[in-house]
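Quick notes on the structure that follows.
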Ligand SMILES: [Zn+2]
């Protein structure tokens, strides 16, 4: 008999259009799956009492460079241009496989602690073949559901960005696929983290897109952001190369023309928006409402913890406030009422959960509390100092709670956080990522001294 857990008596927001919300409801988990969601389930399963709490599907972060956990907060004032120099050209070449492992373990635990149960790990730190092994080991040990997106090395800006002539090594992607991704039925799946036109010469772009398609893995690419790539019309360029497809996630999309939005929507592509990074670092406007206008189902992502917080509450609120500011400002200008298409708190929760699963290509498996799906479940404490008293449970999650209110986290039926505490050995993960930070800071200093004798 599979392990059985029942979450008893919470306000259940399923994000399943058929099931809706179940106030004072029970969620029965059998093995790795959700078995039933109903007002009262008779069962002898192990009980977790969640009365007064809010039960939601786990958040889905559709793009994060998890390898940067060891250099958390190193670039608070960076623009995107600064980031290329301070992070990609300075720290990335110094990374040893151990630094990637320490970061991915700590970064994935950070996700779980914050109620993010699915992560797209955009891993452009594959400086040697040992680097992807280390990244995958970190994700595996944390126990998170993740799409491991295999990216390029980052040994210098001139070799790997801006007209790069070096493609992701197909042989190693094939090795990684064979070694770690032979089964479909596991927490980790594989994608290709490509750089795209402008960042690579066309031959490399063609080669990487062909590689992903021949290997049958999805593509994820940064497009249309910042002072440089924001002007390149990358989606148009991809279209000219005949490469658009429904297997591709487009990240940021801040400076898309309407034509580019239509090309993405018509080709069945998906969208990942990182609002805090985009607003703060100069990528451009986080186009959540724009994506919806074109019939897309946008998702949210964290991107870089070098510069922004690693939780989904920040992203939901940044985008919610930003979009509502924009719509309200337009209504003020035209002196007309605010249209009822303005984003709601429930829209934000949908975007952070089920839309994320859609974008990660995992909607059949996760993103809603639908019986038969994997049991990726988060309990938000409704009795906390910031969350009590609960009136509107969606508001509790989207507007009141923060990571400290994430009480319980379950991934594929396995409990990873309980009573507000991670069950993993965080102390050892922390010591490891701190040692990695020490090494990386020292190595950066040594490099600086070498440059300025
Ligand atoms: Zn990114």
Let me spell it out: the conditions are (1) surrounded by 20 or more Cβ atoms within 10 Å (Cβ to Cβ); (2) within 15 Å of the ligand (Cβ to nearest atom); (3) in a helix (DSSP H, G or I), and residue 279 meets all of them except one. Which number is the exception?
(1)
If the requirement is being under 18 Å from residue 51 (Cβ atoms), out of contact with any strand residue (DSSP E or B) (no Cβ under 7 Å at 6 or more places or on another chain) and surrounded by fewer than 20 Cβ atoms within 10 Å (Cβ to Cβ), which of these qualifies: 403, 383?
383
Give the residue that is nearest to the ligand (Cβ to nearest atom), with candidates limited to residues of region 230-252 that are buried (at least 18 other Cβ atoms within 10 Å of the Cβ) and on the phi > 0 side of the Ramachandran plot.
252
Any residue at all in region 82-102 that's over 28 Å from residue 188 (Cβ atoms) and away from the ligand (no atom under 16 Å from the Cβ)?
yes
Going through region 289-310 one residue at a time, which ones are more than 16 Å from the ligand (Cβ to nearest atom) and buried (at least 24 other Cβ atoms within 10 Å of the Cβ)?
291
Output for region 52-67, where each listed residue is assigned to a loop (DSSP other than H, G, I, E, B) and within 16 Å of the ligand (Cβ to nearest atom)
65
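Bear in mind that the values in this text are calculations on the coordinates, not laboratory data. Worth saying up front: this structure is predicted, and the values here are computed from it rather than measured. In this analysis, Cβ positions are derived from the backbone assuming ideal geometry, glycine residues included, and neighbour counts consider all displayed protein chains.
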